[in-house]
Each structure stands twice: as structure tokens, then as C-alpha cells.
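Here the structure comes first, spelled out in C-alpha cells, and everything after it is commentary.
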Amino acid sequence: MSDEPRPDPDALLANLQRKDRLSREGRLKIFLGMCPGVGKTYAMLLSAQQDQEEGKHVVVGVIESHGRVETQALTAGLERIPLKSIEHRGVVLHELDLDAILQLKPDLVLVDELAHTNAGQGRHTKRYQDVLEILAAGIDVYTTLNVQHLESHRDVVAQITGIVVHETVPDSVFDRADEVELVDLTSEQLRKRLDEGKVYLPERVNVSTENFFREGNLKALREIALRLTAEKADRQMVDFLREQSIEGPWRSRERLLVAIGPSPYSERLIRWTRRIAATTHATWMGVYVEPSIPLNEEDKQRLARNLTLARNLGGEIVTTSGDRIAETILRVAREHNVTQIVVGKPHENRLLDMLRGGSLVDQLIRKSGEIDVYVVRTDKQPVSWRPSPPAWKDAWRLADCLKVIAAVCAITLLGLILKPFVGYTTVGMLYLFSVLIMALFIPRGPMFLMAALSALTWNFLFIEPQFTFYVSTVQDAALLAAYFLVALVVGQLTARLRQRESLERQREQQATALYQFARELVSAESLQNALQIASQLIDGIFHCRTAIFLQTEEGELNSQPATGPAIDESEFSVASWTFHKNELAGRFTDTLSQSSVFCIPLHSQNRQLGVIVLRFEPAASITLKDRQLLETFCAQIAVLVERDSLRRKAVRSEIEERSQRLQKNLLDCVSHELKTPLAVITTATESLQKAGELPKNELLSEIHIASERLNRIVSNLLDLARIEAGTVKLHLDWWDLKEVVSRVLEQEKSCLQKHTMDVELPDPSGLFEIDAALIEQILANLLRNAARHAATKISIHITFNDEILKIQVRDDGAGIEEENMERIFDKFYRGEVTRTDGLGLGLSIVRGFAEAHSGKVSVSRLQSKNTEFEVHIPTRLNDYPTSTS
């Protein structure tokens, strides 16, 4: 078998995805600065001018020069995309015109201040979202960013400067950047620029110098910017190494790796590595290589503690599998550009190490190449611990041994029959062939037994002199020795292949479980359904009982599970501890280990979301891979819960915003509508008190009209409340439509007196089973609406066909714009061409009363720009009723 290391499939997949993205999307370059005033925009414009000289089509999307003359001068010669004017809270603001850029499709666009929040109701609320859409269109982008606007560093910057930054950019956008250029100034140079008025206006200089731009703040921010740029460059270099298949390390930056195992010595190694990394300002990681031989329960628990310690101390954890531990560690080290490997001094038998090809330390030193190896002293008095021995109990199962004996007996019997015809050498080949076949089905121990039994049997029964173990010729001795060695080697190789097959099968099972888990969660109809599915999948995979507890609105852990069985008070206290501490607790951990449940926290980047509680059988245990798979499942559930929480917040925010708008419209409309008739009543009443100013009948008429208007407003509000409460009940009876229409026309004659009416009733006429009061309200509101818009003529056409009563009201007004057709029946919507009178409730009431009849209402704009409302009411016609209403 080849010993050459195989490429990491995950790294190959990531590289292919990155190349695919680069082929489709534009490149993003970020000009990073420690704070405002370092010259990011200036550097971006200089770079853009050079690109334009090289023949690129460069446009300016948005540039914030802040009145700096030298910055503004660099925009000369660059094509500008006009900014889009947006009115926001009574102020006209200018924002990036995304659609114009996408339509023009230049080679490169300049977008200043990546963390900016857009104004108004545009497609995106954040400028970085505009940038991502531009990149997706295949357009390159240059942009600027300060470290305080990076999401992961907002809290750190707030702690340093005392200023909380609200406009932030997700780290994923920064990681997406193909290039990051640091625009750097020393704190002295920046403060000098500040004093010269090149950053802020003179009246703001003193305040800025005493607050944000203090020398200590600037030095700390500069260090963060330098570190961010270095980390970005380091990740890009590692990607390049993987892409080019170049074995590291490149010593651009120190990176430590410590080998972690179930040994009690690992704890000291982890702490030593953390101290050295902190002293040298290096990054570090821990690697555990899982062998094919399973660990015992005590070693599993110790390994879990060691990995948890490394994770808590800030190390990156990598787990992999393989029997060649040294080669596997070196492969991981080269993939992650590690410069130093930390291992402990060996405590095993020297002779045993020699038989294995040297100790782990010897193999690492011999094969490490450019990587340094630190050999750290462990305890002076070694603890009473030895690595987990092979699982001899499983390797020497009685069933396998019986299979071996049966196979040897069968081949021996066959050999005795065939020997007179084929000779003893052919019988030896039959034994060897049987060993090869059995190696596919039995482990190493029984394989060793079969090799020994078949060799001894062949010698005793078939090689001269027979029935002795004596070998008379050198040729037979060599043949016997070769046979025995071939059987052992083939058995060893076959067993190794079976182990690798087992490991690959485990990986496949984990990948399949993750795929099924993600697929089922995505297809869930609701969060509750998704949690139930997740709980059932975890139960099936890990053979346990799962309960999921979520956070309440008050920020505490809900005592009732969202899904799964209830738990007792002591178990809930463990879950509560996990929730508040954000750490694993309960069984299989060092915290509250006497509990019968295993608790895993659900959390997002910023807050706790809940806890998953698992109850296993008393004799059950979980492996490291099981724990990692569980934590992966929990991370996916946490994302699901967080997404649902954000969705509900967005819905609540939208409802609150709509409610506020509705409340404002209601107050504006009601105040206006009440003010006018009240003013008329007040004026008329005062005039009545003054004798002789106006005729008494005319004043009383004014009061009557105003009172009717008030009554109509109150009636409309009450009708709307009935519709929304669902308390509208039909009182069906047989009615003559001519009588209903006449009554409505009489009631509304004051608002219809300036219009010509055209009324057409069903032919033949008869009595219809309807709620006359509601039909009158429908007709009255449609006529009032038509009167507001009609020029001279209003038409009412009522027809009956196929048990559908169709009421059409048409006016000869200017018509309704297409974009307003869907909103015309909304509450308090009055349209742009409507006069200021009316609450905008009439058409909403028409729709509500029509639906109460199991009917519908629609509006259309005719070719002559006339507007036609059409109401369909299911009903029955009685041509010859026996009684009338």
C-alpha cells in the first residue's frame, strides 16, 4: 500500500467551491483601517485610478469624502453613478443606486463605508447587502471598513473606547473578501491629522481627541487592525498551500499543535502549549488521532476532559482517525501550516517501541521535516496508567475460533483426499488460500491461530517425515516459513483494510445522519414540528430519550419542554445550570456527573436559546464521535431556533409598524372627520343664539347634515369592528330589490344630487333571499365612493344569473391607478386622487359584508378610465312568493 498522504476531501471540496465562486462572482477588496481618518477612501481612490489606467471600466457608486479636498480631487476622471434620492422622515437622503449599477455592469465599482445603514424602504437595509448583490452579478467591488464595525469586535471596541457601535458588518462578509489592504497610520500621525482639521471640522476636534481618539484607544485599535489583517493573510496562505499541494509550513507566523490523547499526561501538555502560545502571541490547536482499537470507558472520559480543557483554553480542536499516529499528526500539521508540534516524553517499553519502528517522538522527529518538535517533560513519577490494550475479548471470540478449527479440519480432509494426486505442495497452497479467504471474515487473533494451526497441520500430516514436526530438507523448511509469514502478512493487511472499511462506514453513517437531519429539519412546517422531528431523529440514532427546552420571553429556561418527556426537579436544575453557564453538564461530564441526564446547551453567537436533555440507558456510553455528532445536531437546532426567533421578531416589528401607521391614519382621519361636523354644529348653534343672522330652517338643516355625517362615521367604525370581530350575522328574508335600491337612493340623495343616476334592475323582477340591511350598506358605500370620484354620471346595474346576484356600480371619474387596485379595499386607504373627506372605511366594509354573504367584490378600470365595482352575492329568486316582508 502506498504511504503517500491522500488529499483532504473537505479541503478539495472547499477549494472547488471557492474556484466556482470566483468564476461566477466578482472580487471583493476591503480597505481596512483602525478608525476614521486614516485615509481608507483616499487609498481606495488611488487604487481605482490605477485600475482605470489599465483599461478597467471603473465607476463610483458612493464616496463619502466628508469635505476633504484631496479625497474629492481623486474622483476626477472616474464615472459616477448618480445617487438615488430617498425621502426619510421628512429629510431627503442620497443612497447608492443599486439597480443602475447592475444595469450598467462595470468592471469595478467603488462603494465607501461598507457598514452604512440604508435609509428608506429600499431592497436592502444594509449597504453590505448591496455589495453582496453586486458581487453576485460578477462585478468587482472596492470598499472601506473600520475595525469597530466588525461584528465580532464590537464588544471589544466598546470595552476599549466606551462607545457602542450600532452599525456592524458580519464577519462572514469580511471572510468573503478576496483581498484586505490595511491602511495604517501611527497614533501620533493620526492625531496630527486630527489637529490639522483633515479628519473633522475644527469645532469637533477637541471633543474627538478627548474621547474616541485618545492615544491609548488608537494603539489598541491599531493592534486589532494589524491582527485582523495578519489572520486574513494567514488563512489565504493556508488556502494557497492546499490548492497548490505544497507541504508546509511557511513560517510567516508561529502556530503550535499539541497531540491530545486519553493519557493523563495530555492535561499538562495542553496547559504548556497554551502558555507558550500566549507568550509568543501564536495560535494553537489540539489534535486527537482515533485508533482502530476502541477505548475503554475510563479512557473515553479522560479523553473528553482533555479535549474540553483544550477547547476552554482557546485551542482549535481537530479529530481524525488512523493507526499511523505520527503520519496522521504530520498530515494535519502540514494542512494547517503548523510550525511547532508539542508531544510528551515517552514512558513505554523501549523494546516495544523498537518493534513498532520507534516511539511516537522518534517518528515525529524523523519525519517532521521543517516542523519543529517540542518534547515536554511530564510528571517525574508516572501515574499508574497504560494505553488501552487491544480488545482481546472481542478479538478471540469463541465463535471465530470454532470457525478457524472447522476450516482447518475441512482443508485437512480435502488435502488427505487430494494428496495422492497433487502432492503435498498443492495441499499447502490450499491451506494458504483458506487463510486468505478467512481473513475477510475474522479478526487478527483468530487469523494468527489459523495460520499457526494450518502450518503445523501441513507439517505434521503432509511433509515428510509424516506424523512428526521434523522438517528433513532445507527446501521444505523455507517453504514452511514462507507460508507462515505470507499467511500472517496477508492476514494483517486484510485486517487493516477491514478496520479502514469500518472507519469509512462510520464516517458514511455520520454524513448520512447529518444529511437526513438537515433535510428533515428544512422540510418541517413549523418550529414545533422541526423540534419534534429533531427529537425523534436523535432518539433513533443514539437510542435515548430527548427533551428540548427553550428560552422564555423573560430570558429564563422554560420549565416545560418544547418537545419530549418531562423531567424531574433535580434534572431540571442540571439543565438550568447548563443554560446559564453555556457548558455541558450531567452524565458523561465532570459537572454534576451523578445526574441521570446529559445536557447540551443551545446557543447562538450572542445569546442562549435553550438546552437539549438526553436520557440514556444506565449501561450506555457515548464515544467522542457520538458527542461531536450530537453537538453538530445541537448547532443545527440552535440555528433553526434562532432563525424562528428572528422571524417572529420581524413579524412583530412589522405588525407594530403597521399598527402604528394604522393608528396614525385613524387618528388623522377621525380627528379630521369629527372636527368638520362638530365645527358646523357649533357654528350653527351659535348662530341660532343670535337672532336674525340666518334663517332658522337653514341652520337646522346644517346641524342635521353634520349630525348625519357624525352618525355615519360612528356607524362605519362599528361596522368595521363587527367585521373584524367576526360577529356579522345574516338575517335573511325575501326582499324586493327595487325597494332596497329606492331606500338607498333616498338616504344618499344629498351626496348624489349633483350626479345623473342610471339604475337597471333584474328582469324578470322578484323577491331575493338577502339581508336587506347589509345590501343597503354595500350599495350606500359604493355610491358614496362613486360620488367622490364621478364627474357627472353614476350607474347601478343589478342582474341575476345562475343563482348569483351581480351588483355593478360604475362612475365616469378619472379611474384608479393599477398599482392601487390591490390596496383599494384596505382599511383607512383613501387613494391619492380622493378628496380629504372620509375615513377610507367604506370599501373595506363593502368587502366584509359581501364575504358575510359568502360573496366577493372586485374592481376594474374600463377602457374609458371609468371605474366599476362588481359585487357577487349568492342567493335565490322567488318569482311568485306566497308572502312578502
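The values are calculated or read from the model by the stated rules, or taken from the named source; none is laboratory data. From a predicted model like this one, the values you see are computed outputs, not experimental measurements. Because the Cβ atoms are built from the backbone with ideal geometry, glycine has one as well, and the counts that use them run over all protein chains shown. The accessibility values were calculated without ligands, DNA or RNA, using every heavy atom of the protein model including side chains. Shrake-Rupley method; radii C 1.70, N 1.55, O 1.52, S 1.80 Å.
Assign one of three labels to the range 548-589, namely rounded, prolate or oblate, based on the Cα gyration tensor with a ≥ b ≥ c the square roots of its eigenvalues; rounded applies when a/c is under 1.5, prolate when it is not and a/b is larger than b/c, and oblate otherwise. Intermediate values should be presented prior to the final figure.
Working: a/c = 1.92, a/b = 1.21, b/c = 1.58.
Cα axes put the range 548-589 in the oblate bin.
Might you tell me the accessible area per residue for the range 561-650, computed with a 1.4 Å probe and given in Å²? The partial results should precede the final answer.
Numbers: 4220 Å² over 90 residues.
On a per-residue basis, 47 Å².
Within the accessible area of the range 584-630, what % is carbon and sulfur when the probe is 1.4 Å and the other protein chains stay in place? The partial results should precede the final answer.
Values: 970 of 1990 Å².
Its accessible area is 49 percent carbon and sulfur atoms.
Along the charge dipole of the range 529-574, which of ILE548, LEU537, ALA562 sits closest to the positive end, that is, farthest toward it, with unit charges on the beta carbon of Lys, Arg, Asp and Glu (+1, +1, -1, -1)?
Of the options given, the answer is LEU537.
Residue by residue, what Karplus-based ³J(HN,Hα) values in Hz, rounded to whole numbers, does the range 639-656 have, using 6.51, -1.76 and 1.60 with θ = phi - 60° and x for Gly and Pro?
4, 5, 5, 5, 5, 5, 5, 5, 5, 5, 5, 5, 5, 4, 4, 5, 5, 5
Per-residue counts of other Cβ atoms within 10 Å, averaged by peptide: what ranking do you get for 514-524, 547-557, highest first?
Values: 514-524: 13.6, 547-557: 15.9.
Top of the packing list down: 547-557, 514-524.
In whole Hz and in residue order, list the ³J(HN,Hα) couplings for the range 269-276 that follow from phi through the Karplus curve 6.51 cos²θ - 1.76 cosθ + 1.60, θ = phi - 60°; x for Gly and Pro.
4, 5, 5, 5, 5, 4, 5, 5
Quick one: which residues, 5 or more positions from VAL376 or on another chain, have an amide H under 5 Å from its amide H? H modelled 1.01 Å from N in the peptide plane, none for Pro or chain starts.
Here the answer is VAL343, GLY344, LYS345, since their amide H atoms fall under 5 Å of that of VAL376.
In the range 394-452, carbon and sulfur make up what percent of the accessible area (probe 1.4 Å)?
Numbers: 2610 of 3210 Å².
Answer for the range 394-452 is 81 percent, counting heavy atoms of protein chains only.
Give me the 1.4 Å probe accessible area per residue for the range 500-551, excluding ligands and nucleic acids, in Å².
Accessible surface, normalised per residue, equals 57 Å².
May I ask you to order 746-757, 465-476 by the average number of other C-beta atoms within 10 Å around their residues, highest value first?
Ranking, from highest mean packing down: 746-757, 465-476.
Could you give the distance between the Cα centres of the range 63-117 and the range 548-625, to the whole Å?
50
Going highest first, how would you order 68-76, 364-372, 578-586 by mean Cβ packing within 10 Å?
Details: 68-76: 13.9, 364-372: 15.9, 578-586: 19.4.
Descending packing order for the listed peptides: 578-586, 364-372, 68-76.
Could you list which residues have their amide H under 5 Å from that of HIS603, counting only those 5 or more apart in sequence or on another chain, with H placed in the peptide plane?
Here LEU609 satisfy the definition.
In Å², what does the accessible area per residue of the range 257-344 work out to with a 1.4 Å probe? Please report the intermediate quantities before stating the final value.
Working: 3350 Å² over 88 residues.
Ligands and nucleic acids excluded, the figure is 38 Å² per residue.
Can you work out ³J(HN,Hα) from phi for every residue in the range 178-190, in order, using Karplus 6.51 cos²θ - 1.76 cosθ + 1.60 and θ = phi - 60°, giving whole Hz and x for Gly and Pro?
Result, rounded to whole Hz: 7, 8, 10, 10, 7, 9, 10, 9, 6, 4, 5, 5, 5.
Please identify the trypsin sites (Lys or Arg not before Pro) of the range 584-659 that satisfy two criteria: DSSP loop assignment and at most 14 other Cβ atoms within 10 Å. Which are they? Show your work: numbers first, answer last.
Numbers: sites: ARG587, ARG607, ARG615, LYS625, ARG627, ARG643, ARG647, ARG648, LYS649, ARG652, ARG658; in loops: ARG587, ARG607.
The qualifying sites are ARG607.
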